[in-house]
Amino acid sequence: MNRLGYLFFSLSFAAMTAAVLTGGECVPRVPLDVKALFCDGGAGGAKTASDYDALVFESGGSEIYGQILLPERSFGGEVPCVLIFHGFAGFGRFDDIGQALCRAGCVVVIPHHRGAWGSRGKYSVSHCVEDAANLVRYVRSPAFRKKYRVDPEAVFLIGHSMGGNTVLNAAAEVPGVRGIVMLAPCDIGTMFRKMPKEEMKKFMIDNGLEVLRTDGFEAVCDDLARHAAAYAFPKAAARLKDVDLLLIVGEWDTCIPNDLLKDFYAAACAGGGKRIRAFRSYRARHGLMGVRTRIARDIADFILDSLK
């Protein structure tokens, strides 16, 4: 990203943080066409207006579908690219945060994994990681960069619940990720190794296994058995090189045990160096409802700090 691009991104986010709510209207204090995270844009007219596009790319021989959110073109130069990955089985959505980050000046890509919500192929935990890694390669490709003005050195991954496992392990194996945000992440590798099989089956069925296109629980379970040791968060953290991390949890989360994350965060911080390691806890349940505005600001701050 050129310096002008970063300047516009920084100024627009500064506009958000300085904005005041008056009679339901958001009044930015920086005179930009883009009015920041929680304010409507459009002041620049049709030629610079934000928009969306269809996402269609191939992963493991299957077409993956989703959407691409495009910021207003008044942001100069190349802009950061944020990829948002849903959890198991995709009922929990974070499109609101995607829209907010788009208004702040990011290209935001929201895919549906193989076997989920219309995308082709079969769902498995390892396929989710592969899909994320392949999408990183795709958004850093010359064609995507040229079409959407993406900075290949400013790619960020956000994942909720099982999506936390997705982004951690994808970032650990594919180069080119600047930072990851893990929202109430599910350490499925550790859980699988500790949880009896029937309890794991109930956990998956209760959380939507039957809406996914799979070869059944046994196939999903076999896939996990092959990858659980490598995917377990403390071990994956040791493979996380030159990647910034923001970990966000819900204090009242009863779906995913937060105590599993203590060893992971310690391992992630153990490497030292200049990488960002940040932790936030909110009074929220697993879906992190009711605190999305603060989370969007946390993530935007995290992106800005990472790009300094």
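The values are calculated or read from the model by the stated rules, or taken from the named source; none is laboratory data. A quick note: this is a predicted structure, and the numbers were derived from the prediction, not measured. Cβ placement follows ideal geometry from the backbone for every residue including glycine, while neighbour counts extend to all protein chains displayed.
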Subset of region 193-224 [among the aliphatic types (A, V, I, L, M), under 22 Å from G118 (Cα atoms) and not in a helix (DSSP H, G or I)]: L212
Residue within region 102-121 that is in contact (Cβ under 8 Å) with a residue 12 or more places away in the chain, of a type in the set (F, W, Y), in a loop (DSSP other than H, G, I, E, B) and surrounded by fewer than 20 Cβ atoms within 10 Å (Cβ to Cβ) present: yes
Residues (within 19 Å of D298 (Cα to Cα) and in a loop (DSSP other than H, G, I, E, B)) located in region 87-101: R93, F94
C255 being free of Cβ contacts under 8 Å to residues at least 12 places away in the same chain and surrounded by 13 or more Cβ atoms within 10 Å (Cβ to Cβ): no
Residue list for region 226-254, filter: outside any helix (DSSP H, G or I) and farther than 15 Å from M182 by Cα: R239, K241, D242, W252, T254
Test: I110 is within 24 Å of A228 (Cα to Cα) and either touching a strand residue (DSSP E or B) at 6+ places or on another chain (Cβ under 9 Å) or at pLDDT 95 or above (or both): no
Region 122-153: number of residues that are touching a Gly at 6+ places or on another chain (Cβ under 9 Å) and either of a type in the set (K, R) or not in a helix (DSSP H, G or I) (or both): 9
Residue match in region 225-232 (condition: buried (at least 21 other Cβ atoms within 10 Å of the Cβ) and within 23 Å of the chain's Cα centre (by Cα)): yes
Filter pass, T214 being out of contact with any helix residue (DSSP H, G or I) (no Cβ under 7 Å at 6 or more places or on another chain) and among the polar types (S, T, N, Q): no
Close pairs from region 142-169: first without any contact (Cβ under 8 Å) to a residue 60 or more places away in the chain, partner among the hydrophobic types (A, V, I, L, M, F, W, C), Cβ under 7 Å, at least 6 apart: F144/V150
Among the residues listed as L55, L37, L11, L70, the single one being modelled with pLDDT under 85 and either surrounded by fewer than 22 Cβ atoms within 10 Å (Cβ to Cβ) or of a type in the set (D, E, K, R) (or both): L11
Selection within region 236-252 - at pLDDT below 90 and either crowded, with 18+ Cβ neighbours inside 10 Å or touching a His at 6+ places or on another chain (Cβ under 8 Å) (or both): L240
